[in-house]
1. Can you tell which of Gln135, Gln245, Gln260 shows the greatest fluctuation in a Gaussian network model of the chain with Cα springs below 10 Å?
2. Does anyone have the angle between helix 300-329 and the longest principal axis of the chain? Alpha-carbon axes, 0 to 90°, nearest 10?
3. In units of 2.2 N^0.38 Å, what is the alpha-carbon radius of gyration of the stretch 9-145?
4. Counting only Cα atoms, I'd like the Rg/Rh figure for the stretch 83-219, Kirkwood definition for Rh.
5. Along its three principal axes, how long is the stretch 139-185 when you only count alpha carbons? Whole Å, largest extent first please.
6. Using the Cα centre of the chain as the reference point, and only Cβ charges (+1 on K/R, -1 on D/E), how large is the resulting charge dipole? Debye, rounded to the nearest 20.
7. With a 10 Å cut-off between alpha carbons and a GNM built on the chain, which of Asn209, Asn25, Asn67 moves the most?
8. When Lys and Arg each count +1 and Asp and Glu each count -1, what net charge do the other residues less than 13 Å away from Pro192, Cβ to Cβ, add up to?
Amino acid sequence: MKQRTHTWLALRAIALLEDEGETPNLVRLLKPHAREAAIGSWIPDMADSKKGFGDIDNHIFKLKPYNRPGKSRFVRSRAKTLKDLGDFRRMGQFILDHGEILGKDWWKQAYRADPPPGQHLANRSMALSTALIDQLILGDPKVAELVPGTVRFAHRLSPESRPRPEEIATYCFMLSHFMADACQPFHCDARPLAGYSAGVHKELEAHWNKLCGTYFDKKKLLATGDRPDSILERARAVDAEIGIQFSNRVPELNARDLWQEVIYICRGSFAIASILVPPSLIPYGSSKHTRFAEVFEKNEQARKRLADLDAAVLHDSVLNIAMAWKNTWATFH
Ligand SMILES: [Zn+2]
């Protein structure tokens, strides 16, 4: 997703936690730094954060058919994929409504992603969430006031070495980036057609940027004198543009940990990519590309599918971000 969309998603996730009302101190930690979401939620895609770190220069999980020994481990039935997504996510509904085109055999095939460990989207999400827990444990007095429990040795550290709320908020926004990317179908499909500059991927993200509106552009948001309350209000107002409604409930993870949850989401995203551009049209081995107009503007049915996709991906991205933050925070309850 593009920067403006990432910013909106992170802000909307703060508003969702606020509306749910179960983690008021987490909201107190993030909300004052709402404007900084414009930077933090985009850090993983900035050239500076990609260079100079060896393998840790990307965040991907691109699936493709896998036919080597032991392949049965990488088969996920339709029922299991839907169960893993949970009925609180819209992506499952999208697969139910539009997934007929995949056919029975599609779900019997093994698919695997094999990114280098440092680039693995689930590794990066889990690593960041774990590091955030440590930051919350060692946080400065302002953080310690919000986090339940006391850490007896923390006061022995020099105050400068203890993470400040601003830092923690920035890393939370970074985590939001990974959670949102897991929901973008073309991030999870290894076909060349899904490459960022290959056509449909970039064009779809430009379409989402339009839905979010220019208020969330970095320059504008950083320059605005708006208070966090009004920024979150502007974020809530975008729901109507997309045609989504939140239940104001942020469930626990379906999986045991965030690593597995990200895999569940990526599996769903890959199925959706394969619904949008069926392998019967462009096989997994093909280097053919396609365009937004071909996928989403051909006829009434394609346009309807786009509206459903917008609602599913953007709703679930917000929800997944809120879930990842809440799950990290839940360590302290
Ligand atoms: Zn990204």
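Where a number appears in this text, it was derived from the coordinates with a stated rule and is not lab data. Since this is a predicted model, take the numbers as computed values, not measurements. Cβ placement follows ideal geometry from the backbone for every residue including glycine, while neighbour counts extend to all protein chains displayed.
1. Gln245
2. 30
3. Numbers: Rg = 19.5 Å, N = 137, 2.2 N^0.38 = 14.3 Å.
Taking the Cα Rg and dividing by 2.2 N^0.38 Å, one obtains 1.36.
4. Working: Rg = 20.4 Å, Rh = 18.9 Å.
Looking at the stretch 83-219, the ratio lands at 1.08.
5. 47, 21, 14
6. On the way: 47 positive and 40 negative charges, 183 e Å.
Here the size comes out at about 880 debye.
7. Asn67
8. Working: positive: Lys62, Lys64, Arg191, Lys288; negative: Asp189.
Residues near Pro192 contribute +3 overall.
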